[in-house]
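The numbers here are math on the coordinates, done by the rules we state, and not lab data. Model, not experiment: these values are computed from the prediction. Heads up, the Cβs are rebuilt from the backbone with ideal geometry, glycines too, and the neighbour counts pull from every protein chain shown.
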Amino acid sequence: MIWSARRELQPLDRLERGVLDDSAPLAGLLRHALIIGGHASSEPLKEWAGHELRGYVRAPDALPDYRRTFAPIRVDSRSPFWARGGETISALHLPEFARGAITEELTITNGVGELEDLVARARPGDVVKISLPGAAELRTFMTRSEQYRKHRVVIDELYWGVPPSSVQGILDQVRTRLTQFVAELRSTMPNGSHAPTPEQVHQAVQSIQITAGDNANVTVTAPVAYAGSGGTASAISGAQLGWWRRRRGLT
């Protein structure tokens with residue numbers, strides 16, 4: 001498609017051009033979608049684009065299914081004789097009170113800008129380290145348990161090791177939905193038209209999947225960090241601690 005320099009590009013034109021350019025940051029494209037939704041008074045489009053920009057920390061009920069992923073639980077540990085990093089463990093290795101509340105399933109709530117930055121900084125062998133909820137308390141409990149104490153093992157980190165490809169998969173889902181939105185919208189507009197009507201926007205929004213799905217049992221709220229197999233980066237736990245507060249009798 002040839003874009004005329006004589007006409008100022010409308011938000012839809014900019015969005016269409018951007019979704020066809022894999023190097024175009026998603027944050028900018030979502031802002032164009034947000035403007036289109038504002039002009040058309042499309043609350044579903046505005047909410048979805050806004051959540052993808054800001055993240056879903058304050059709107060867990062709106063989180064789409066494509067932000068659900070699986071990742072192994074990993075542990076960094078040491079003893080007077082050795083140190084191990086990135087060792088995969090089962091959720092059954094966690095204390096009994098945490099089993100069921102913490103599994104290999106989690107949901108990612110970060111905004112797309114942060115997710116794109118994580119992917120851009122990835123190196124071969126890297127994983128995104130996301131601390132388990134209540135990780136500090138779990139580390140202390142496990143270190144003091146008979147199983148670890150008798151071997152003088154200290155648990156330093158407990159986290160999900162999320163493959164960068166899983167993060168990229170979330171970004172691809174967002175870009176695909178934006179592309180579907182543009183395609184559906186263009187199919188309802190006359191040739192040569194550049195500003196869609198509110199009715200056309202509403203129709204296009206209804207034809208693509210931008211609705212929320214069921215929430216996973218653990219919601220991660222960032223920040224997160226990258227670390228390779230020998231890395232020392234530490235992730236900060238941002239997951240909901242409801243299970244820990246319930247066990248401790250907190251509210």
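What list of ³J(HN,Hα) values in whole Hz, one per residue of the stretch 93-99 in order, does the Karplus curve 6.51 cos²θ - 1.76 cosθ + 1.60 (θ = phi - 60°) give from phi, with Gly and Pro shown as x? Running phi through 6.51 cos²θ - 1.76 cosθ + 1.60 with θ = phi - 60° gives 7, 6, x, 4, 5, 9, 5 Hz.
Entry note, the stretch 54-179: relative contact order of 35 percent, from Cα contacts under 8 Å with a spacing of 6+ residues.
Entry for the stretch 88-193 at q = 0.14 Å⁻¹: log10 I(q)/I(0) = -0.72, Debye formula applied to identical alpha-carbon scatterers, no solvent contribution.
Where does the charge balance sit around Met189 when Lys and Arg score +1, Asp and Glu -1, over other residues with C-beta under 12 Å from its C-beta?
On the way: positive: Arg186; negative: Asp13, Glu16, Glu184, Glu199.
Summing Lys and Arg as +1 and Asp and Glu as -1 gives -3.
Dividing the C-alpha radius of gyration of the stretch 8-81 by 2.2 N^0.38 Å, with N its residue count, gives 1.64. Coupling constants for the stretch 9-15 follow from the phi torsions by the Karplus curve (6.51 cos²θ - 1.76 cosθ + 1.60, θ = phi - 60°), and in residue order they are 5, 7, x, 5, 4, 5, 5 Hz; glycine and proline get x. Derived scalar couplings between HN and Hα for the stretch 124-139 equal x, x, 6, 10, 8, 8, 10, 4, 5, x, x, 4, 4, 5, 5, 4 Hz in order, rounded to whole Hz, by the Karplus curve 6.51 cos²θ - 1.76 cosθ + 1.60 (θ = phi - 60°), x for Gly and Pro.
Extending 7 Å from Cα along the Cβ direction at Arg152 and again at Arg17 yields two label points whose distance is 6.6 nm. Once backbone amide H atoms are built at 1.01 Å from N, Asp156 has Asp76, Ser77, Arg78 as its partners under 5 Å, excluding neighbours fewer than 5 places away on the same chain.
Rounded to whole Å, the principal axis extents of the Cα atoms in the stretch 22-161 read 66, 33, 19, largest first.
Output the Kirkwood hydrodynamic radius of the stretch 76-125, Cα pairs only, in Å rounded to one decimal. Roughly 14.3 Å, rounded to one decimal.
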